[in-house]
Amino acid sequence: MTIYQHVALASRPKGWPTLENFRYEDKELPEMGAGQVTLRTIWLSLDPYMRGRMNDAKSYADPVPIGGTMEGGAICEVIASNNDKFAVGDIVVGRTGWATHGIADGADIRKVDPNAAPLSTYLGVLGMPGMTAWIGLNEIGKMKEGETVLISAATGAVGGLAGQLAKAKGCKVIGVAGGAEKCSFAVDELGFDACLDHKAAKDGRELGAQIKEAAPQGVDVYFENVGGKTLEAVLPNMNMFGRIAICGMIAWYNGDNVAEAAPLPAVWSTILTNRLTVQGFLFPDHQDSAAAFFKEVAPMMAAGKIKFRESVAEGLENAPEAFLELLNGDNFGKQLVRVGEDPKG
Ligand SMILES: NC(=O)c1ccc[n+]([C@@H]2O[C@H](COP(=O)([O-])OP(=O)(O)OC[C@H]3O[C@@H](n4cnc5c(N)ncnc54)[C@H](OP(=O)(O)O)[C@@H]3O)[C@@H](O)[C@H]2O)c1
């Protein structure tokens, strides 16, 4: 019998989650069946979507059951294999969730090259968030050279790469981020043309005036990550035939900040009069884009042209606290948990 550790959903939050909603505990690893592999988690990815999985509400994915393991993507080492396609020692991206070990079918995991890039980046710029940035800009936002692109949560896992890809395409890129340090990083390190601090603006109107000053020519593509007062600020700055790629709305995930929302009649009217295209998108629907994404981003990464930051929590037991920090904007770059040691050799 093998015992491993996981973080279970202990109860469903009402509003903001707390540490009491999670339980770190031992669990028995099931027997590995035919075609399956046993995984040891090295890195766990923490992502805003996990907040939605804590609710018992209809969504694009099922909720985590009470007592079930919190879901999540991870970088893992294969430590036992009943599958010809995976050998012991292979490094894979899998969905073990918030757990030190897991059993997976071969179809649920994908090998990565540990020598091509730091392992953790397969959960960040070379993983789901990076690909989300690429999809949002290219397939949904349809950015074109010379256009103005505005990106909220600009220094985050998605936003940080989105800004660099838009700059590489020849766009003018404006970021919105929380705090002076994040804004300086966006401009000085990531190459944004300007970055505005949403925390320093008293409301959407003030932030909107700052956007107008930074982008007097208007915004062609808004990469929407947050909703809240940032959306209220961006809308009046949208250009005719502009595009809004709705990637996320983290300001509203805990049910607050709704008073900051632009009134629906104003939103509708702006969409109509400015002939905007507004489209939500979800990463799992766009797996066909993986080849185009890697073709563009892998060489940039190999050439050292992609900059990124990571916030790392040490130990699976600290995942709940790190997740609460992510929801609060206390992360700076991709939020990760180091669950296990790097493979030897
Ligand atoms: N559609 C998809 O398939 C898909 C895939 C991945 C991610 N997403 C979404 O993309 C967004 C970014 O995800 P990520 O993984 O890159 O996370 P992230 O940006 O690394 O972290 C979340 C950031 O959101 C910002 N934030 C939190 N509360 C806010 C508020 N009230 N107002 C404004 N900003 C707030 C904070 O940045 P500041 O300190 O700068 O405010 C925080 O650091 C999320 O909405 C996520 O749900 C969607």
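The values are calculated or read from the model by the stated rules, or taken from the named source; none is laboratory data. These numbers were taken from a predicted model, which means no experiment stands behind them. Positions of Cβ are backbone-derived with ideal geometry, glycine not excepted, and every protein chain shown enters the neighbour counts. Please note that ligands, DNA and RNA were not included when accessible areas were found on the heavy atoms of the full protein model with its side chains. Shrake-Rupley method; radii C 1.70, N 1.55, O 1.52, S 1.80 Å.
Miscellaneous remarks
- Of all positions in region 333-345, at least one carries a residue that is without any contact (Cβ under 8 Å) to a residue 12 or more places away in the chain and outside the structural domain of M70 (by TED's automatic domain parsing).
- Residues of region 235-264 classified as part of a strand (DSSP E or B) and not β-branched (V, I, T), total: 7
- Enumeration of residues in region 309-323 that are under 20 Å from M128 (Cα atoms) and either open to solvent by less than 70 Å² (accessible area, probe 1.4 Å) or more than 11 Å from the ligand (Cβ to nearest atom) (or both): E310, S311, V312, A313, A319, A322, F323
- Selection status of A153, free of Cβ contacts under 8 Å to residues at least 60 places away in the same chain and under 24 Å from A262 (Cβ atoms): no
- Residue within region 76-97 that is within 16 Å of the ligand (Cβ to nearest atom), exposed (fewer than 15 other Cβ atoms within 10 Å of the Cβ), part of a loop (DSSP other than H, G, I, E, B) and in contact (Cβ under 8 Å) with a residue 12 or more places away in the chain present: no
- Scan of region 206-227 for residues that are surrounded by fewer than 24 Cβ atoms within 10 Å (Cβ to Cβ) and either modelled with pLDDT under 95 or part of a loop (DSSP other than H, G, I, E, B) (or both), ordered by number: A215, P216, Q217, G218, G227
- Candidate set from region 244-267 (those that are open to solvent by 30 Å² or more (accessible area, probe 1.4 Å) and within 18 Å of K142 (Cα to Cα)); member that is nearest to the ligand (Cβ to nearest atom): C247
- Meets criteria (open to solvent by less than 30 Å² (accessible area, probe 1.4 Å), at pLDDT 95 or above, more than 13 Å from the ligand (Cβ to nearest atom) and part of a loop (DSSP other than H, G, I, E, B)) for I306: yes
- F283 meets each of the listed conditions (1) at negative phi; (2) touching an Asp or Glu at 6+ places or on another chain (Cβ under 9 Å); (3) of a type in the set (F, W, Y) apart from (2).
Each row is one residue, and each column tells you yes or no for (1) touching a residue at least 24 places away in the same chain (Cβ under 8 Å); (2) in contact with a helix residue (DSSP H, G or I) (Cβ under 7 Å, 6 or more places away or on another chain).
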position: V226; (1), (2): yes, yes
position: A233; (1), (2): yes, yes
position: F241; (1), (2): yes, no
position: M249; (1), (2): yes, no
position: E260; (1), (2): yes, yes
position: P265; (1), (2): no, no
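- Entry remark, region 179-224: residues being within 24 Å of P48 (Cα to Cα) and among the basic types (K, R) number 2 in total.
- Residue list for region 324-345, filter: within 11 Å of the ligand (Cβ to nearest atom), of a type outside the set (D, E, K, R) and assigned to a helix (DSSP H, G or I): L326, L327
- Check on K169, within 10 Å of the ligand (Cβ to nearest atom), of a type in the set (D, E, K, R), farther than 30 Å from A34 by Cβ and assigned by TED's automatic domain parsing to the domain that holds L235: no
- Filter pass, L46 being under 20 Å from A319 (Cβ atoms) and either within 21 Å of the chain's Cα centre (by Cα) or of a type in the set (G, A, S) (or both): yes
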